[in-house]
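Worksheet: the structure to be examined is printed underneath.
The values are calculated or read from the model by the stated rules, or taken from the named source; none is laboratory data. The model shown is predicted, which means the values in this text are computed figures rather than measured ones. Glycine also receives a Cβ, built like all others from the backbone with ideal geometry; neighbour counts cover every protein chain displayed. Just so you know, the surface numbers come from the protein's heavy atoms only, side chains and all, with ligands and any DNA or RNA stripped out. Shrake-Rupley method; radii C 1.70, N 1.55, O 1.52, S 1.80 Å.
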Amino acid sequence: MTGFGRLFLPGPTEVHPDVLAALQRPMISPWSQEGAALFESLQAPLRRLFRTTQPVLITASSASGMAEAAIRNAVDRRVLVVVGGFFGDWLARIAEACGKDVVRLAVPTGRTLEPDQLERLLDGPPVDAVALVHSDTSNGTLAPLAELARVVRARSNALLLVDAVTSVGALPVETDAWGLDFIFTGSQKALALPPGLGLAAASARMLERAGRQRDRGWYFDLRKYDQAARTARPTQTPALSLIYALECQLARIEAQGGVEARWRRHREMLDVMERWTCDHPEFRLLASPGRRSWAVSALTPPAGRTVPAILGYMRERGFTLSDGLGDLAERVIRIGHMGDLEPGHLEVMLEALGASGV
């Protein structure tokens, strides 16, 4: 693979050369004045990215660490988890591994939980939290998060925990306006950074709940991360090179028009995908119309052609796409169109994909 714009994985995404160069900066003491200035400088652009006035928490972990933090800090006994794909099941398994009582709400593949369905479910046994995936990387669905959040707020005292791993930085996520209690992402998805950072925003309700949780642990105690963000003093030794990369990428996002411009570009890439599938009906988008992620798409292959064969064809032409996960392995082609990719990159790749059956 040569040149930028050939990697279409649903994560990790391609990293811009300027961001890669930032990784090479020399080490400093994170607890020095220079370190404090660095961490303090991140908060304003991160808050704009997450659309929140709360501090944005930074951990040296994958998004999986932030998912465990969500469960340990929010759930005393029972959590309702929406399972509409591989990553909904992943959330449920994390909660079960933390010893919580998990109520699984199964949603058919390619569909999302709708607000009226959630209303009925919240009339059941009380839960401490509702956990869901906003943009599901396994099937390309996009949950109606604003509407679901309104239902949770109106019908329950439960906290709302959101896996926004492929939505923060790619499509509208209004943490404060929608009343999201905990929302998290990983550095290697729409933010187009190397893997290794977890980022999250926690509401005042979430932090208050965390203070009452006896088994929240130490490493993922959200109150520690909140204090670290407010004082610009890391809780433990940070992944400093990745912090440099984050600083560089936040500056690039701001210089390119901010997160709103980034949202528009990702919406354009979904438009490209939808137009292309209309012109190539032998490929079908798995997600239902109106419920499609702006960041990742899952395509079913044409009859008589296998996913491995199509992926191999694309590799020979310098493009990297992805197989499905779990039950969708070898059943769908996953295309990540997020990060620093442009609609033109996607159009070039899709032209090659359209020729794969010739």
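Quick one: Cα convex hull volume of the range 139-279, Å³ per residue? Walk me through the numbers before you get to the answer.
Values: hull volume 20.5 nm³, N = 141.
Looking at the range 139-279, the number lands at 145 Å³ per residue.
Select from Ile71, Ile58, Ile253 the residue whose mean-square fluctuation is largest in a Gaussian network model of the chain (Cα-Cα springs shorter than 10 Å).
Ile253
Evaluate E = 1/(1 + (r/R0)^6) for Ala146 and Met27, where r is the Cβ-Cβ distance and R0 equals 51 Å; express this FRET efficiency to the nearest 0.05.
Details: r = 42 Å, r/R0 = 0.82.
For R0 = 51 Å, the calculated efficiency reads 0.75.
More than 27 angstrom separation, counting every C-alpha pair in the chain; what % is that?
Working: 29131 of 63903 pairs.
The answer is 46 percent, as a whole percent.
Note down the magnitude of the dipole of the chain about its Cα centre, charges +1 on Lys and Arg C-beta and -1 on Asp and Glu C-beta and zero elsewhere, to the nearest 20 debye. Please report the intermediate quantities before stating the final value.
Values: 40 positive and 40 negative charges, 132 e Å.
Dipole of the chain, to the nearest 20 debye: 640 debye.
Quick one: pull the percent of accessible area on the chain belonging to carbon and sulfur, 1.4 Å probe, ligands and nucleic acids left out. Present the calculation step by step, with values, prior to reporting the outcome.
Numbers: 7380 of 14350 Å².
Result for the chain: 51 percent of the exposed heavy-atom area is carbon or sulfur.
Taking Cα pairs under 8 Å and at least six residues apart, what relative contact order does the chain come out at, in percent?
Numbers: 729 pairs, mean separation 90.0, N = 358.
Rounded, it is 25 percent for the chain.
Among the trypsin sites (Lys or Arg not before Pro) within the range 166-228, which fall in a DSSP loop and have no more than 16 other Cβ atoms within 10 Å of their own Cβ?
Working: sites: Lys189, Arg205, Arg209, Arg212, Arg214, Arg216, Arg223, Lys224; in loops: Lys189, Arg214, Arg216.
Counting only loop positions with at most 16 other Cβ atoms within 10 Å, the trypsin sites (Lys or Arg not before Pro) in the range 166-228 are Arg214.
For the range 178-245, what is the accessible area per residue in Å² when the probe is 1.4 Å? Each step should come with its number before you reach the end.
Values: 2460 Å² over 68 residues.
With the other protein chains kept in place, the range 178-245 gives 36 Å² per residue.
With every protein chain kept in place and ligands, DNA and RNA left out, what is the accessible area per residue of the range 1-159? Probe 1.4 Å, answer in Å². Working shown, then result.
On the way: 6740 Å² over 159 residues.
Computed with neighbouring chains in place, this is 42 Å² per residue.
Any chance you could check the Cα centroid distance between the range 207-222 and the range 1-61 for me, in angstrom?
Result: 26 Å between the Cα centres.
Taking the Cα centre of the chain as the origin and placing charges on Cβ (Lys, Arg +1; Asp, Glu -1), which of Pro238, Gln24, Ser293 is farthest toward the positive end of the dipole?
About the Cα centre, the residue reaching furthest to the positive side is Pro238.
Could you work out [θ]222 nm for the chain from helices alone, using -39500 (n - 2.57) per DSSP H run of at least four and dividing by all its residues? Round to the nearest 500 deg cm²/dmol.
Details: 12 runs with 145 residues, N = 358.
Calculated mean residue ellipticity at 222 nm is -12500 deg cm²/dmol.
Using the Karplus curve 6.51 cos²θ - 1.76 cosθ + 1.60 with θ = phi - 60°, work out ³J(HN,Hα) for each residue of the range 172-183 in order, rounded to whole Hz, and write x for Gly and Pro.
Rounded to whole hertz, the list is x, 9, 10, 4, 6, 5, 8, x, 7, 7, 8, 9.
What Rg and what Dmax come out for the range 265-358 when only alpha-carbon atoms are used, in angstroms?
12.3, 34
Given a cut-off of 19 Å, what percent of all Cα-Cα pairs of the range 22-142 lie beyond it? Working shown, then result.
Details: 4402 of 7260 pairs.
Tail of the P(r) past 19 Å holds 61 percent of the pairs.
How large is the accessible surface per residue of the range 278-358, computed with a 1.4 Å probe and reported in Å² as a whole number? Display every interim value, and only then the final one.
Values: 3560 Å² over 81 residues.
For the range 278-358, the per-residue accessible area is 44 Å².
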